[in-house]
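As structure tokens, the structure follows; a few thoughts come after it.
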Amino acid sequence: KQEVTQIPAALSVPEGENLVLNCSFTDSAIYNLQWFRQDPGKGLTSLLLIQSSQREQTSGRLNASLDKSSGRSTLYIAASQPGDSATYLCAVREGNAGNMLTFGGGTRLMVKP
Amino acid sequence: GAGVSQSPRYKVAKRGQDVALRCDPISGHVSLFWYQQALGQGPEFLTYFQNEAQLDKSGLPSDRFFAERPEGSVSTLKIQRTQQEDSAVYLCASSLMGAEWHFGNGTRLTVT
């Protein structure tokens, strides 16, 4: 059974810092990996989607990398802002499990002004 | 509508009551998922529909949970004889062909 782990569980940084969120998964036979953002009381907003054949995706100040063979992904946030404060979730879609997404437990990020 | 809509936003039920949670996916989206998210945890898969067909219900925690999507659009998640451990946020997501997923804001269920 696929297991997804996110480290750290919580992170507090001053505004302007660059930071890295980590995600690992146990079964490397994935179809794609997606990073989501969740604000309190809200649903999930898709940030970046990386197909299994890709190594990274970039959107603005966000960069996500994927090392499928080692079962790892990182989300890099440059020049963090207070508005980045949220929970960040990674999820993998397995090639052999239909369309189901398996989520990690999330990293709760607080960016202090 | 522009996004996935879920209702009600909040639901308080007394232990033993039945509840029904509604999801309106993005128009034309074939795939629909239900997830359960406990406080401070990531979402856990419950069930998956492709059009009106329920292709996977392996995540439903007990036979008290039932989901349907009779016309391939709106879906309802029903929980019978609610228990305190059912308290969670229930998220619905839809997708056109399994690429990017669009999530609703969820229904927060509290069982007292």
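Listed here are the residues, each with its yes/no results for (1) touching a residue at least 24 places away in the same chain (Cβ under 8 Å); (2) away from chain A (no Cβ under 14 Å); (3) touching a helix residue (DSSP H, G or I) at 6+ places or on another chain (Cβ under 7 Å); (4) of a type in the set (A, V, I, L, M, F, W, C).
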| site | (1), (2), (3), (4) |
| --- | --- |
| B:19 | yes, yes, no, yes |
| B:22 | yes, yes, no, no |
| B:27 | yes, yes, no, no |
| B:34 | yes, no, no, yes |
| B:51 | no, no, no, no |
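In the condition set (1) within 11 Å of another protein chain (Cβ to nearest Cβ); (2) at positive phi; (3) out of contact with any Gly (no Cβ under 6 Å at 6 or more places or on another chain), residue B:58 is compliant with all but (2).
Just one of A:87, A:102 is among the polar types (S, T, N, Q) and modelled with pLDDT under 95; which is it? It would help to see each step written out before you state the result.
On the way: A:87 fails: modelled with pLDDT under 95.
One residue alone meets the criteria, A:102.
Of the residues making up the stretch B:29-77, not one is under 30 Å from residue A:108 (Cα atoms), surrounded by fewer than 17 Cβ atoms within 10 Å (Cβ to Cβ), of a type in the set (A, V, I, L, M) and under 13 Å from the mean Cα position of the chain (by Cα). What single numbered condition from (1) free of Cβ contacts under 8 Å to residues at least 40 places away in the same chain; (2) surrounded by 18 or more Cβ atoms within 10 Å (Cβ to Cβ) fails to hold for residue A:25? Of everything listed in (1) free of Cβ contacts under 8 Å to residues at least 40 places away in the same chain; (2) surrounded by 18 or more Cβ atoms within 10 Å (Cβ to Cβ), residue A:25 misses just condition (1).
Please verify whether residue B:87 is open to solvent by less than 30 Å² (accessible area, probe 1.4 Å) and either in contact with a Phe, Trp or Tyr (Cβ under 9 Å, 6 or more places away or on another chain) or under 30 Å from residue A:47 (Cβ atoms) (or both), treating the condition exactly as stated.
no
Counting only strands (runs of 3 or more DSSP E) that sit wholly inside the stretch A:69-113, those with at least 1 residues that are of a type in the set (Phe, Trp, Tyr) and surrounded by 18 or more Cβ atoms within 10 Å (Cβ to Cβ) are A:86-94, A:101-103. The lone criterion from (1) under 30 Å from residue B:90 (Cβ atoms); (2) touching a Leu at 6+ places or on another chain (Cβ under 8 Å); (3) open to solvent by less than 30 Å² (accessible area, probe 1.4 Å); (4) away from chain B (no Cβ under 14 Å) left unmet by residue A:11 is number (3).
Return the total of residues in the stretch B:1-17 being in a loop (DSSP other than H, G, I, E, B) and either facing another protein chain (nearest Cβ under 10 Å) or surrounded by 15 or more Cβ atoms within 10 Å (Cβ to Cβ) (or both). Don't jump to the end; show me each part of the working.
Step one: list which residues in the stretch B:1-17 are in a loop (DSSP other than H, G, I, E, B), which gives B:1-4, B:8-9, B:14-17.
In the following step, the residues that additionally are either facing another protein chain (nearest Cβ under 10 Å) or surrounded by 15 or more Cβ atoms within 10 Å (Cβ to Cβ) (or both) were identified as B:3-4, B:9.
Selection size over the stretch B:1-17: 3.
The values are calculated or read from the model by the stated rules, or taken from the named source; none is laboratory data. Everything numeric in this text was worked out from a predicted model, so none of it was measured. Using ideal geometry, Cβ is built from the backbone for each residue, glycine included, and neighbour counts are taken over all protein chains shown. All accessible areas refer to the heavy atoms of the entire protein, side chains included, with ligands and DNA or RNA removed. Shrake-Rupley method; radii C 1.70, N 1.55, O 1.52, S 1.80 Å.
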